[in-house]
Number of protein chains: 4
Amino acid sequence: MSVNSFGHVFRFMTWGESHGPGLGVVIDGCPPGIALAETDIQPWMDKRRPGQSRHTTQRREPDAVKIMSGVYEGRTTGTPIHLMIENVDQRSKDYSKIAAKYRPGHADYTYDAKYGFRDPRGGGRSSARETAARVAAGAVARKVLGETIAIRGYLTELGGIPIDRSRFDDAAIDANSFFSPDPVAAEEWEAAVDAARKDGNSLGAVAECMATGVPAGWGAPVYAKLDGELAAAMMSINATKGVEIGNGFEAARITGRDNADEMAPGNEGPRFLSNNAGGILGGISNGDVIVCRTAFKPTSSILTPLKTVTRDGEETEISTKGRHDPCVGIRGVPVVEAMMALVLADQMLLHRAQCG
Amino acid sequence: MSVNSFGHVFRFMTWGESHGPGLGVVIDGCPPGIALAETDIQPWMDKRRPGQSRHTTQRREPDAVKIMSGVYEGRTTGTPIHLMIENVDQRSKDYSKIAAKYRPGHADYTYDAKYGFRDPRGGGRSSARETAARVAAGAVARKVLGETIAIRGYLTELGGIPIDRSRFDDAAIDANSFFSPDPVAAEEWEAAVDAARKDGNSLGAVAECMATGVPAGWGAPVYAKLDGELAAAMMSINATKGVEIGNGFEAARITGRDNADEMAPGNEGPRFLSNNAGGILGGISNGDVIVCRTAFKPTSSILTPLKTVTRDGEETEISTKGRHDPCVGIRGVPVVEAMMALVLADQMLLHRAQCG
Amino acid sequence: MSVNSFGHVFRFMTWGESHGPGLGVVIDGCPPGIALAETDIQPWMDKRRPGQSRHTTQRREPDAVKIMSGVYEGRTTGTPIHLMIENVDQRSKDYSKIAAKYRPGHADYTYDAKYGFRDPRGGGRSSARETAARVAAGAVARKVLGETIAIRGYLTELGGIPIDRSRFDDAAIDANSFFSPDPVAAEEWEAAVDAARKDGNSLGAVAECMATGVPAGWGAPVYAKLDGELAAAMMSINATKGVEIGNGFEAARITGRDNADEMAPGNEGPRFLSNNAGGILGGISNGDVIVCRTAFKPTSSILTPLKTVTRDGEETEISTKGRHDPCVGIRGVPVVEAMMALVLADQMLLHRAQCG
Amino acid sequence: MSVNSFGHVFRFMTWGESHGPGLGVVIDGCPPGIALAETDIQPWMDKRRPGQSRHTTQRREPDAVKIMSGVYEGRTTGTPIHLMIENVDQRSKDYSKIAAKYRPGHADYTYDAKYGFRDPRGGGRSSARETAARVAAGAVARKVLGETIAIRGYLTELGGIPIDRSRFDDAAIDANSFFSPDPVAAEEWEAAVDAARKDGNSLGAVAECMATGVPAGWGAPVYAKLDGELAAAMMSINATKGVEIGNGFEAARITGRDNADEMAPGNEGPRFLSNNAGGILGGISNGDVIVCRTAFKPTSSILTPLKTVTRDGEETEISTKGRHDPCVGIRGVPVVEAMMALVLADQMLLHRAQCG
């Protein structure tokens, strides 16, 4: 039950820090015979890659993924798949001045409290660069799931500005820098992010992820509930503070009658007349669309000076320079998608193990 | 990585259904030499026990817990602790009529989809009776944590009516039937629950849980993050749809400047001038109060007739009689507390394993 | 990764001590829909049950197994199966005198060193009574494996006296008190065991277990190798000191040419002209008979006085009275069978998870 | 519970094949603050490195290990340590001719049976090259254990020729090509290995490993027994067919009186007057020397023609050319040491987790 791995039978372990030679992920338990090439993985890496617009960090990383093992003549062999990504554009000097001060909102103090010391370069292991490994692994999970299952992430809220769901346009998502399904909201978000950046401030966001095509029956009733696994997956991403399944906290505010997803005869099993449940009942998928939302806090690294203390316990102020995303939630979208894929692939195999 | 167990080194597995002879939990990895008697566990069971007011199910279960192993002369031996609770007041006949219809909001259909058939009596394994085993295990976890760590759960919202935090009174929590820290809200909730019950309807709720006294340093940066573990723990409880750490989704709506928990010199390490983070930074406890909120959907079993289908795929209606909580979130409070204790005990031991 | 559970996806956790109210096992991950009744389990319990001949302990335990959960209308539901066995014939007073002395060959001293104290009654958790839970779980594993797989255990050696394999008679195994496939050896063993008992001494034994009908393809190349899993399973049984797969240590003594299992075309895939490998190649079953041997040391509880020390570190002597098996290896046979079944059932499901 | 990882809290996962770009291991759960450099690891790699004498494979691999993560300024950070080793001297053409024939004693057929196809180059994942990753991880485990614990492996038998224990000389072990503690046996083994190689044949061996300085109290009574873990660890190494703890199978052949390790007062706790138990009682270390023996079968790749079948099921013969160790057991010695270190480091942390 190691602390850097995730999953039951389709299981992965990640390694690497922001400013070391690179990072990677070892995937264990992948079914054999699946066609897999670096070109299957790279497009997902590119979605998450920094430096693509002024709204994300200006660190330039090609994030070129390399398959190191587990694939022979273009197919997975069933043995561990190691995917590796080199770090190219680290600038450790950016961090030298602030190593002695605890940055609010970061793991600086808690690392020292836990481990006695830490690698201060770019957050070390806590850097969101770790999520590149998840995206790479998620690309493999998508291949395991096959083409009948589609996973789609996008932002539904940025800086407190929600999308208008009546304008939801799937085609819009990749047509703006914010993974916004609402082109109007995307424009408002652009203005908000620009304003925050100029102000030395940052913004939070909410990422929603849908999975369609998941058959009824994946998951388990109690401790490996599909919703519990998704919650664990999403809350393992940097900067997340909340997770919802289906209508989430809204469910706590409406009555049982209004919350009920009534059922009617469908083509394959029953169909649901609404989807407040987010496709999961009693921890098990019900055949409807799986829906999960994750809250990302605003980037903690801001130019605005904040009160803090030094390692030696002295009062001081800190203003974090360096190349940071003004809204980490934006690049959180491909990560949320990857975690959805990884949970589903694992549950698919776990279900097959128990129920054939 | 079984589907009915939870935890890394302080690990438990539960068994049992609503209408079988009983249920229980086996706790593995408990430190030796801890004083433990049934009287340490029973008070927590009694908090969760049904039938204590008209606002919860009228099923009468003494929920008397029996220590079956792992304790010798009043102390834990370090070997598995099996805690068992008999089912006394099952009434299976209540369920006979509805076994052929899928209850909306329940796992009826998903069970059939997964397992091919199911035990229809009281939800079988999906029954919230399973949570009695968690509360029993949680009592042991509290003993492991010791007296310097205090865990406190309460409702902050019921049926969409929030508490007024300016009226927060710790002493009030156990003085009403709703675990409300706000006595005024408790009265409003009473009226709301009574109205819902009379109307054949049900209500949701939000349970908050705080842990004080947790030292800085528990948790891990990535996949066994303290917040990730709490999210998994809470979302494994029946009827939960969302989890928040600290200010949760609110963090996504405010700026980095407003969300920053500034730091100042404290007695032991830094202290935080605010606690939006809910006591966790980078997955590791920061010494501040741990805060977690869980959304419970309204009880799915309601008298109001709802559209559904039969096992054979025929259109029908269902109205669920039987003895159900009009608001399952109320009795969720001791369960949420138990899961907090179980996660913390596990993390305490995991931290000790790695960092001594 | 708890210390009282075993298995990956078909996983079980045991609880209970020699002199508590009972013991049991919770099985997680069992496929649904399998016919299961207490009468499927009891015959295997009876094979292991003490007090059936003068060659095993005279403790009288009915070892009646009770299904507490996970079965509905005679079929497994896919949820945890709890099997419970009451302790009936404990006599704790037998142990009172020797609690202060460390018995050589027992875990008395190591328990104190680990846990700081211990339950001295009948070895507590270390008692071979724990193996009753394994036999119960093994009966369920056999049902999961189905009727095409047959598992057969027997002794090949007792007190240094080997069977003559030319006299191997499957029908003989259950016709003597020693699970001997060689009726002549059984008679020699009887004399040896009688002599040892009269002399206040004890004997060791070697148990072999065969599984026929296992298809090629179960297992894994590295850390979950079928042979590695069997080794872990067998060495988790009390009093075991060695494990062999196929020809075992003999393989280290012959040449590669002599050890080679040559292959020829068979009905389904290749057949092997010999089976030195014990049915496993590269950690994966090859379709031939799985063969595993386990060495049991002689019972440590003997009447012969032995030098030892007290808890306080004083020199003393001990002579262990009480009701002990003169050769624990005899009753080890049904346990070895159970562990074989449990490993195979887990591997069957794990293989299905990865390879469909 | 992945199939390519090992350990509970000090846990590692390996990746890589014989003829891919390289191989590696990710270590999770390593305590922070431990001094670690590549120079701490390389000497152990060099012991296992091929091509050092004519008695091992002539493949020339520098096996230079590179620390990719988890170390900052010379100390472990508590985050995953990735160790990578490049493959330099692969010659895939050696294997092209035999890809269509199943080599007896190899995983060729079982891989095809499991995965449907395989990477035929040098055994792919089944190659003993995987053990380089174990040796690297084992070097880290030694650092975790510290200098008070010494782990020493050597051969006690090769080609059926045992050492004479009266000539046991610790200094001799590294002074010959066979890790033999008996210089006379080393000469006999040299002649035997030379003869086997010339004859197109191969030999097996038995490797013993001792750990001194292990305190009493590590391990667990049942499924994570120290002996069970060692058995699993050793049987996960390629070409192993048997494991013994202490006197192993000999224990099954002597009486309880002769097998008893009597106890006497010692400096710290009791001392044992003999060590048949191999330092483990009831699954827990007793403070005496831990002793474990592992049987390696003779190398399956031999020049002698053997009967076999093709992938298409045709009868054929095979004679395996290529660069193979005439006795894989020799290079098994550093691997056995590494696994001992890895098990002990994990048990040390697991004990600390539960018992403080």
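The values are calculated or read from the model by the stated rules, or taken from the named source; none is laboratory data. Values in this document were obtained by computation on a predicted structure and should not be read as measured data. Neighbour counts are summed over all protein chains in view; Cβ atoms, including those assigned to glycine, are modelled from backbone coordinates with ideal geometry. To get the accessible areas, we keep the full protein, side chains included, count just its heavy atoms, and leave off ligands, DNA and RNA. Shrake-Rupley method; radii C 1.70, N 1.55, O 1.52, S 1.80 Å.
Annotations for the structure displayed:
- Residues B:ARG165 and A:ASP174, FRET efficiency given R0 of 41 Å [Cβ-Cβ distance, rounded to 0.05]: 0.45
- Within the accessible area of the protein assembly as shown, the carbon and sulfur atoms contribute 49%, probe 1.4 Å, all protein chains present.
- Overall dimensions of the stretch A:287-355 by Cα: Rg and Dmax, Å: 20.0, 59
- The equivalent ellipsoid that matches the C-alpha gyration tensor of the stretch A:10-59 spans semi-axes of 26, 16, 8 angstrom, in descending order.
- Neighbours of B:CYS355 by Cβ distance under 15 Å: Lys/Arg scored +1, Asp/Glu scored -1, total +3.
- Among D:SER18, D:SER69, D:SER53, the largest mean-square fluctuation in a Gaussian network model of chain D, built with springs joining Cα atoms closer than 10 Å, belongs to D:SER53.
- Across the stretch A:1-143, C-alpha contacts under 8 Å between residues 6 or more apart give a mean separation that, scaled by the residue count, equals a relative contact order of 31 percent.
- Per-residue SASA entry for C:LYS321, accessible area with 1.4 Å probe, Å² rounded to 10: 140
- Each Cα pair of the stretch C:140-211 feeds into the Kirkwood radius, which the Stokes-Einstein equation turns, at 20 °C and 1.002 mPa s, into a diffusion coefficient of 163 µm²/s.
- Taking the inverse of the mean reciprocal distance over all distinct Cα pairs, the Kirkwood hydrodynamic radius of the stretch A:234-332 comes to 17.2 Å.
- Shown for B:GLU315: label points 7 Å from Cα along the beta-carbon vector, and their distances to the equivalent points in the other copies, 7.0, 7.3, 9.3 nm in ascending order.
- Out-of-range pairs (alpha-carbon distance over 18 Å; input A:LYS47/A:LYS297; A:LYS47/A:LYS198; B:LYS225/C:LYS114; C:LYS225/D:LYS321; C:LYS198/C:LYS241; A:LYS297/B:LYS225): A:LYS47/A:LYS297; A:LYS47/A:LYS198; B:LYS225/C:LYS114; C:LYS225/D:LYS321; C:LYS198/C:LYS241
- Measuring nothing but how far apart in sequence close Cα pairs (under 8 Å, 6+ apart) lie, relative to its length, chain A scores a relative contact order of 22 percent.
- Between the C-alpha center of the stretch B:8-23 and that of the stretch B:190-209 there is a gap of 28 Å.
- Each helix, a run of at least 4 DSSP H residues, gives -39500 (n - 2.57); summed and divided by the residues of chain C, these come to -8500 deg cm²/dmol at 222 nm.
- Chain D contacts chain A over a buried accessible area of about 3300 Å², both sides summed; the probe is 1.4 Å and only protein chains count.
- The heavy atoms of D:ARG293 present about 30 square angstrom of accessible area, all protein chains included, probe 1.4 Å.
- Taken over the Cα atoms of the stretch C:39-170, the convex hull encloses 178 Å³ per residue.
- Of the residues in the stretch D:10-40, those shielded by at least 40 Å² of accessible area once partner protein chains are present, compared with the chain alone at a 1.4 Å probe, are D:ARG11, D:MET13, D:TRP15, D:GLU17, D:PRO21, D:VAL26, D:ASP28, D:PRO32.
- Full extension of the segment from D:PHE117 to D:GLU147, taken as 0.36 nm per residue of separation minus the current Cα-Cα distance, would add 6.2 nm.
- Around A:ALA252: net Lys/Arg minus Asp/Glu count, Cβ-Cβ under 9 Å: +1
- Note on chain D: GNM, Cα springs under 10 Å; of D:GLU337, D:GLU314, D:GLU208, the largest mean-square fluctuation is that of D:GLU314.
- Highest-fluctuation residue, D:GLU61, D:GLU250, D:GLU187 considered, GNM on chain D with Cα pairs under 10 Å: D:GLU250
- Between the alpha-carbon centres of the stretch D:114-144 and the stretch A:104-178 there is a gap of 33 Å.
- Over 34 Å [Cα-Cα, chain B], rounded percent: 28
- Chain A: DSSP helices with Cα axial extent of at least 30 Å and average Kyte-Doolittle hydropathy no lower than -0.5: A:328-355
- Residues in the stretch A:175-273 average 30 Å² of solvent-accessible surface per residue, probe 1.4 Å, ligands and nucleic acids excluded.
- Mean projection area, nm², convex hull over Cα of the protein assembly as shown: 47.8
- Placing a label point 7 Å from the Cα of A:SER274 along the Cα-to-Cβ line, the residues of the stretch B:194-210 whose backbone N sits under 18 Å from it are B:196-197, B:199-205.
- Expressed in Å, the radius of gyration and Dmax of the Cα atoms of the stretch C:170-240 are 16.9, 49.
- Alpha carbon centroid spacing (whole Å) that separates the stretch D:219-251 from the stretch D:321-356: 12
- Distances between copies at A:ALA175, taken between label points 7 Å from Cα along the C-beta direction, are 6.0, 8.2, 8.5 nm in increasing order.
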